[in-house]
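Rule-based calculations on the coordinates, nothing more; no lab input. Bear in mind the structure is a predicted one, so any value in this text is a computation, not a measurement. Using ideal geometry, Cβ is built from the backbone for each residue, glycine included, and neighbour counts are taken over all protein chains shown.
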Amino acid sequence: MHAFYDYLCEHLDDLLRKHSVVVFYDPRSEFRPFFDRELEPFDGDPLPRVTIGSSSALLARYQGSFFGLRAAVEPIVAADQPEPLLLYLPGIAKDRLGSVLMELERAGTCYEPRLRGLALHMLRRRFTDGQIDEMLRPATLTYDDIVAFMGQGGQVTSVLHTLFSGVQGEVLLTQWLASDAKDAVLVEKEAVPELLKLIKVRLGLDLPADTTLSQAREKTCRYVLVNEFRADLSCAPPPSVGMVPGPSTKEHAERVRDVAEGLRQRYPHAYLGLADTVEQQLGLAGAGVPAAHLGCIDTFRFEEGRLLAHATQLIAGKDFDAALGIVTARGRSFWVDRDLRRQAQWEACRLMAELGLGLERVRVALGKMANDPAKWLTAYTAEDGWHRADSLQRRLEAWVARMDDEPEAEQALAVIRKEHEYLLRTMADGFAKAFAASAWTVPGALHQTRIFPEVVQAMGGRVAYFLVDAMRYEMGVDLACQIEGAKDLRVQAAVAALPSITPVGMAALLPGASASFDLIDAKGKLAVRIDGTEMAVLNERLKFLKAKVPDVVEMTLGRLLGSSPARIRNKIGSASLVVIRSQEIDFAGETDSDLLARQVMDTVIGNLARAVRKLAAAGIEHFVITADHGHQFAIRKDDDMKTDSPGGVTLDLHRRCWIGHGGSTPAGTVRVAGAELGYHTDLDYVFPTGLGVFKAGGSLSFHHGGFSLQELAIPVVSLRMTAGTPAKIPCVQVRIDGCPAAVTNRTFGLKVGDLLATEQLVLRVVLMAGAEEVGHMGMAVGGELDRGKGTLTLAPGTEASLGMMLTNDTCQSLRVVVLDAHTDSVLAESEDLPVKLGI
């Protein structure tokens, strides 16, 4: 016979073996030649028997009566073991509602082939899609035509089919457009006419017969990219693309999009050059296409830049919702995903838009607040409270500080900063009035002096007590999100003792402070007195703590992180209280280097989470993490925004508070007697109102000492961890690929993943210098990045491209470390990478 006969018999044979009864509907009578000429019956009692493949079956044909056909086959199917049966109904379409043969169809199966569909599969074994389209084009196509096509020459008739390893249609064209590697052999084998024909048939582009392959590639590429771009526009296209013809049919347009997408997906490096060339040839970047009409596909590079500029313009115009919509829809495009610097620009834009929306929500709520400081504190510290705007502002400023390029959205950034400072000032003024009206107390709130007895001692058992200098409430919330495996996790707010400076706040966290706490003039120096003991400096506070808790063990965060597990266990022994001190935030903030301060703040949160896990592994079960005070970190103050100090007898002077005797009360300040704050002292305190600062030492951006919510509301994070249980290392083999030989930019890319993993992976990828975290993931393509938790979720057997952000410029070298987010087990780490910024 022939190949098409064998192909059809193979399908029918398989159906008969599986179902015994096959009802073959042939509405167009396309398969009559197969049944009339090619199936030869060898027995005719009562129905003819035919051989189909390796099966022997009875053949029943429709001859004008459904009932007659059913009556003819009923004796066959009624048998205990019915023989295979094939019913052929030429010129009949299946009745899907009331078929007389429904019982037979359900007992067996229906077969409703289309000649063109079967022929397509057969012909693809020997011909290209372009040739096949030509073969199947005639409306009068018959079974015998297909047989004739399959019999042409007895060998493969498509040179393209051979040269491109059997790939077809758009895949073949995509491969050819991406590379000229096969051009010479195409010419040698005289396959250029076949290729041009394929381009015409599949894409609708008719090229002259004398077109060279290089010309064909250039014109086809322009045709594909321009038509994808043009179809995506919602406005009139630029005049320069008018010379490029368009597809004449819907099918051609769909194939054009398939080829363009295939180039981006399978040949991204080739696509970069092809698209840039077409963009430059047609002058598209300068064509003035409005960004709002660019559609949803970034065919050309200029579209990405135009859209980002449009989003930043919307932010500058305070249309934050529209800007965020653009970033969400377009911030992940072909062009952005392949350029970390562009990703950083889009991320900055996203953070600005989110902060803008957050500021708007808080501004609306502020207009409804009364003079009840407890309600102000609740509004600020609620799960979706105002503190989220502070968190977004910190993330934005930290991100901008880490960018290697200046943000393109300078005007938008200036608008956001101004809006944020206006909100801070409004919030500070409103809370100050409520606070003053309530005699400088917040009814019902946990006071800082009660944290030790009511939280630390109430935990029971051995407790690790973290005292973090200058950690704002929103930072405590972020920290809680990063502590995997915590039980009984709670984040509550406490009100810091005034003034909100380190000597006061750290003393207020000591045992005994709830019963006796005063600020006094100790021979011309500010001191805290608890139970008759005066303390002005750190050593005096530690001595007092040791007297109250004799077995207390104290160490700094840096020392803890740099110690081995065995050394930590030996150090803490059986101590009932382990105190961990962290001064990194306040130290960096007071250096007067905004860049360093913003970098360090995010680093501290990750290091605190690591410290909790290290202590848990050493046997500590209970944890309390809190702060001496918060801080304001806004726009650097100009000279005309600073206030003269009150003068008089000054014991202490900070940007946000003056402590002493006498003196004046400058404009823009408020004077509060020590007795009003509950202290047995004759000291006076003067605080700038709003966001004002004194002409004092310290940073002009980072401030604390006053009574804004950001300074006074401190986090109290309490939790339990499973103590002493070593983390189980997951059975995965994570790989780190693409690390640079040296870190020369704050942002650099790499890939992580386990292509053999069978379960979802949740990872934390960080940059480590020694034992301290100095950077983390900032961007991810191919995985889900949770910025709040700092985790990356990967689907089974996949990898992600990451944008790593260096957050501490002072390290000399670093390594990339991949951790299991649930157990903190090290899954992979790189070699040490030298840090050579600026080279």
Once fully extended, how much extra length lies between MET1 and GLU831, figured as 0.36 nm per residue of separation less the alpha-carbon to alpha-carbon distance? 292.2 nm
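What's the long-distance tail for the stretch 311-446, i.e. % of Cα pairs beyond 17 Å? Spell out each step's value before the answer.
Numbers: 5680 of 9180 pairs.
Tail of P(r) above 17 Å: 62 percent of Cα pairs.
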Of GLY98, GLY64, LEU16, which is farthest along the charge dipole of the stretch 3-113 in the positive direction, counting Lys and Arg as +1 and Asp and Glu as -1 at C-beta? GLY98
Take every Cα pair under 8 Å in the stretch 735-834 that's 6+ residues apart, average their separations, divide by the length, and report that relative contact order as a whole percent. 33
For LYS200 and CYS296, what does the FRET efficiency come to when R0 = 30 Å and r is the distance between their Cβ atoms, rounded to the nearest 0.05? 0.55
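If you place +1 on the Cβ of every Lys and Arg, -1 on the Cβ of every Asp and Glu, and leave all else neutral, what size is the dipole of the stretch 451-504 about its Cα centre, to the nearest 20 Debye? Each step should come with its number before you reach the end.
Details: 4 positive and 6 negative charges, 28 e Å.
Computed about the Cα centre, the dipole is about 140 debye.
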Could you check the simple spin-label distance between THR426 and ALA723, using points 7 Å along Cα→Cβ, in nm with one decimal? 4.9
Please name whichever of TRP335, VAL362, PHE320 sits farthest to the positive end of the charge dipole of the stretch 301-437, dipole taken about the Cα centre and charges placed at Cβ: Lys and Arg +1, Asp and Glu -1. VAL362
Of all DSSP beta bridges in the chain, antiparallel share, percent nearest 5: 70
Could you give log10 I(q)/I(0) at q = 0.24 Å⁻¹ for the stretch 735-834, computed by the Debye formula over C-alpha point scatterers of equal weight, without solvent? -1.37
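Quick one: grab the alpha carbon gyration tensor of the stretch 533-679, order the square roots of its eigenvalues as a ≥ b ≥ c, and give me rounded if a/c is under 1.5, else prolate or oblate depending on whether a/b is larger than b/c.
Verdict is oblate for the stretch 533-679.
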Given the options ALA742, ALA507, LEU467, identify the residue whose Cα lies farthest towards the positive end of the charge dipole of the chain (+1 on Cβ of Lys, Arg; -1 on Cβ of Asp, Glu). ALA507
Cα extents of the stretch 438-516 along the three principal axes, largest first (Å): 41, 27, 25
Tell me which lysines have Cα within less than 16 Å of LYS433's Cα, excluding those fewer than 8 residues away on the same chain? LYS368, LYS375
Computed about the Cα centre, the charge dipole of the chain from +1 Lys/Arg and -1 Asp/Glu charges at the Cβ has a magnitude in debye, to the nearest 20, of 1620
Nearest 10 degrees, 0 to 90: what angle lies between the long axis of helix 538-548 and the longest principal axis of the chain (Cα atoms)? 90
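What is the order of ARG70, ARG746, fewest Cβ neighbours within 10 Å to most?
Details: ARG70 16, ARG746 21.
Placing the least packed residue first, the sequence is ARG70, ARG746.
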As a footprinting exposure proxy, order GLU590, GLU406 by other Cβ within 10 Å, with the fewest listed first. GLU406, GLU590
By how many degrees, between 0 and 90 and to the nearest 10, does the Cα long axis of helix 268-282 differ from the longest principal axis of the chain? 90
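What is the stretch 54-155 by shape, rounded, prolate or oblate, if you read a ≥ b ≥ c off the alpha carbon gyration tensor as root eigenvalues and call it rounded for a/c under 1.5, prolate for a/b larger than b/c, and oblate otherwise?
Here the stretch 54-155 falls in the prolate category.
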Using the alpha-carbon atoms, what tilt in degrees (0 to 90, nearest 10) does helix 3-19 show relative to the longest principal axis of the chain? 70
Based on the inverse mean of 1/r over its pairs of different Cα atoms, what is the Kirkwood hydrodynamic radius of the chain, in Å? 32.9
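Going down the table (LYS543/LYS614; LYS18/LYS94; LYS219/LYS751; LYS546/LYS789; LYS523/LYS543), which pairs top 30 Å between alpha carbons? Spell out each step's value before the answer.
Details: LYS543/LYS614 26 Å; LYS18/LYS94 21 Å; LYS219/LYS751 36 Å; LYS546/LYS789 36 Å; LYS523/LYS543 20 Å.
Among LYS543/LYS614; LYS18/LYS94; LYS219/LYS751; LYS546/LYS789; LYS523/LYS543, the Cα-Cα distance tops 30 Å for LYS219/LYS751; LYS546/LYS789.
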Please report LYS368, LYS695 as a ranked list, fewest other C-beta atoms within 10 angstrom at the top and most at the bottom. LYS368, LYS695
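What number, in percent, do you get for the relative contact order of the stretch 3-113 if the mean sequence gap of Cα pairs under 8 Å and at least 6 apart is divided by its residue count?
Details: 162 pairs, mean separation 46.0, N = 111.
After rounding, I find 41 percent.
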Grab the Cα-Cα distance for LYS375 and VAL185, subtract it from 0.36 nm times how many residues apart they are, and report the gain in nm with one decimal. 60.5 nm
Based on Cβ point charges of +1 for Lys and Arg and -1 for Asp and Glu, what charge dipole magnitude is obtained for the stretch 3-113 about its Cα centre, in debye rounded to the nearest 20? 320
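Let's test the formula: R0 of 22 Å, r as the Cβ-Cβ distance of ARG137 and HIS11. What FRET efficiency results, to the nearest 0.05? Walk me through the numbers on the way to the answer.
Values: r = 25 Å, r/R0 = 1.12.
My answer for the efficiency is 0.35.
Just check the stretch 390-452 against the gyration tensor rule for me: Cα atoms, a ≥ b ≥ c as the square roots of the eigenvalues, rounded for a/c under 1.5, and otherwise prolate or oblate depending on whether a/b exceeds b/c. Intermediate results must be reported in sequence, preceding the final value.
Details: a/c = 6.04, a/b = 2.05, b/c = 2.95.
The shape class here is oblate.
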